[in-house]
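What follows is one structure encoded as structure tokens, with my remarks underneath.
The values are calculated or read from the model by the stated rules, or taken from the named source; none is laboratory data. Note that the structure is a prediction, hence the values are computed from the model and not measured. For neighbour counting, all protein chains shown are included, and Cβ atoms are generated from backbone atoms with ideal geometry for every residue, glycine included. With ligands, DNA and RNA removed, areas are computed over all heavy atoms of the protein, side chains included. Shrake-Rupley method; radii C 1.70, N 1.55, O 1.52, S 1.80 Å.
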Amino acid sequence: MSDTRRPRKPAKPYRRPQKDPVRVLAFEALRAVDERDAYANLVLPPLLRKAREKGDFDGRDAALATELVYGTLRRQGTYDAILASCVDRPLREVDPPVLDVLSLGAHQLLGTRIPSHAAVSATVELARVVLGDGRAKFVNAVLRKVARHDLDAWLEEVAPPYDEDPEDHLAVVHSHPRWVVSALWDSLGGPRAGIEDLLEADNERPEVTLVARPGRATAAELLREDAAVPGRWSPYAVRLTEGGEPGAVDAVREGRAGVQDEGSQLVALALANAPLEGPDEKWLDGCAGPGGKAALLAALAAERGATLLASEKQPHRAGLVAKALAGNPGPYQVIAADGTRPAWRPGSFDRVLVDVPCTGLGALRRRPEARWRRRPEDLDGFAPLQRGLLRTALESVRVGGVVGYATCSPHLAETRAVVTDVLKQFPGAELIDARPLLPGVPALGDGPDVQLWPHLHGTDAMYLALVRRTA
């Protein structure tokens, strides 16, 4: 009896997965953000530096890796909504490393100009390298579903209609948690167009902004760098366009200049220029870490013959402050001390800045992962500290002196609510109008306090209230 079965096809030879250094590095950065609660802006630079030293990367590779990491983190909420419709189980049941690979693939498909076939094949190859062949098949199946539509078509499908649930619609379309959308809208006020502009600005890659520290560097010197343009508002600011690398700038390497958002510069300048009654000799930065504002304040104080005391509770952050101030042209002191339990006598200072710890909702452009880590209950944890620091600042300044209360959050619970509550308990103080101290800056509202915005001013969403002690 003859055998009529078809002869078996020879098995395909095993192909070793091809390691793509750019995508592997992006995956490693996302895992660090997820597993260690690290921040991408701290994790990514050393990974890129190591890849360059090994000869794996050139400038284009570094730019692509940076885009993959930050783009995936910024659009995580949107991609989660899309992936949830392509996976046959709740996303929380998908292993986090697999979800990171899927998110990287979704960003390449929906947020870049990489052709769809290349985005899928490159991501599946990454999955083979970091996850194994079995889970790579799952990644392939899911991404082929994602590739069926472009981003606009997906948003039509997964975002609830604006008319039915405006906050949830904006949360999905602009990739912010719903509670953050609600809080930002409350702080901003106004029509839909304003909040959409703000949310979209949060998803844009910010320019690198430098500060020329007075007496040590000038903006004119920094403007001689490639792709450098003047700042918009601060006379000491210079912006690096086209992905300029601050580490390549001599003045930055030497500490004569630093990386500092223009909003942060404006806060320091406003406090330094606020009108005083009486002497102007002793300044205090009561929450000085990591040292950007302290370095600018110390330089400005030196020009007037004044002295800055920079206080920071955490010793390692106090070390960063000392490094930022090293070489200041005038006298200064850095101490590790709790700003709510001051190591100085009441009424010792003419000017006091407290840039208080906060949720960081004003810096989501720079730290996109923060939007997914923060919870509404975090506000309750910061509230006593913020009020305590402002009360101590008012006790630390002399009568006639000025306190600047600043925070990198526009949330009303961290800004006006704090100032209002403390001033009710401290009758010997009054708000002064901060707006004239930011000359040329538009759209500063009704005052007397100031809220800066990414979409209006190109800065982080810094808040500033200036308070004069009157008794």
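Within the straight-line cut-off of under 22 Å between alpha carbons, the lysines reachable from residue 145 are 137, sequence neighbours fewer than 8 places apart in one chain being disregarded. The residues of the range 29-114 expose on average 47 square angstrom of accessible surface per residue, using a 1.4 Å probe on protein heavy atoms. Each peptide among 60-72, 438-450 gets the average number of other Cβ atoms lying within 10 Å of its residues, and from highest to lowest they stand as 60-72, 438-450. Accessible area per residue for the range 137-188 is 51 Å², calculated with a 1.4 Å probe on protein heavy atoms, without ligands, DNA or RNA. The accessible surface of the chain, taken with every protein chain in place and a 1.4 Å probe, is 50 percent carbon and sulfur. Summary of packing: across the peptides 332-343, 160-171, the per-residue average of other C-beta atoms within 10 Å ranks them, highest first, as 332-343, 160-171.
Convex hull volume of the Cα atoms of the chain, normalised per residue: 167 Å³.
Sort the following peptides by mean Cβ neighbour count (other Cβ atoms within 10 Å, averaged over residues), highest first: 266-275, 35-44.
Working: 266-275: 22.4, 35-44: 15.0.
The densest-packed peptide leads the list: 266-275, 35-44.
Other residues with beta-carbon under 11 Å from the beta-carbon of residue 458 carry, at +1 per Lys or Arg and -1 per Asp or Glu, a net charge of -2.
With the cut-off at 28 Å, tell me which of the pairs 54/293; 50/323; 54/313; 19/323 have Cα atoms farther apart than that. Numbers along the way, then the final one.
Working: 54/293 36 Å; 50/323 24 Å; 54/313 39 Å; 19/323 40 Å.
Table pairs above 28 Å Cα-Cα are 54/293; 54/313; 19/323.
Rolling a 1.4 Å probe over the protein heavy atoms gives the range 300-386 an accessible area of 46 Å² per residue. The dipole here belongs to the range 164-287: it is taken about the Cα centre, uses +1 on the Cβ of Lys and Arg and -1 on the Cβ of Asp and Glu, and is about 580 debye.
Give the shape of the range 195-298 as rounded, prolate or oblate, defined through the alpha-carbon gyration tensor: a ≥ b ≥ c are the square roots of its eigenvalues, a/c under 1.5 means rounded, and otherwise the shape is prolate if a/b is larger than b/c and oblate if not.
Details: a/c = 2.07, a/b = 1.31, b/c = 1.58.
In terms of gyration-tensor shape, oblate.
Ranking 381, 392, 361 by how far each Cα lies toward the positive end of the dipole of the range 321-424 (charges on Cβ) leaves 361 at the top. Taking every alpha-carbon pair within the range 341-462, the share separated by more than 21 Å comes to 43 percent.
On a full-extension model of 0.36 nm per residue, what is the gain between residue 157 and residue 343, subtracting their alpha-carbon distance, rounded to one decimal in nm?
Working: separation 186, 0.36 × 186 = 66.96 nm, distance 5.83 nm.
Taking 0.36 nm per residue and subtracting the Cα distance, the gain is 61.1 nm.
Between the range 431-446 and the range 173-233, how many Å separate their Cα centres? Cα centres, the range 431-446 to the range 173-233: 18 Å.
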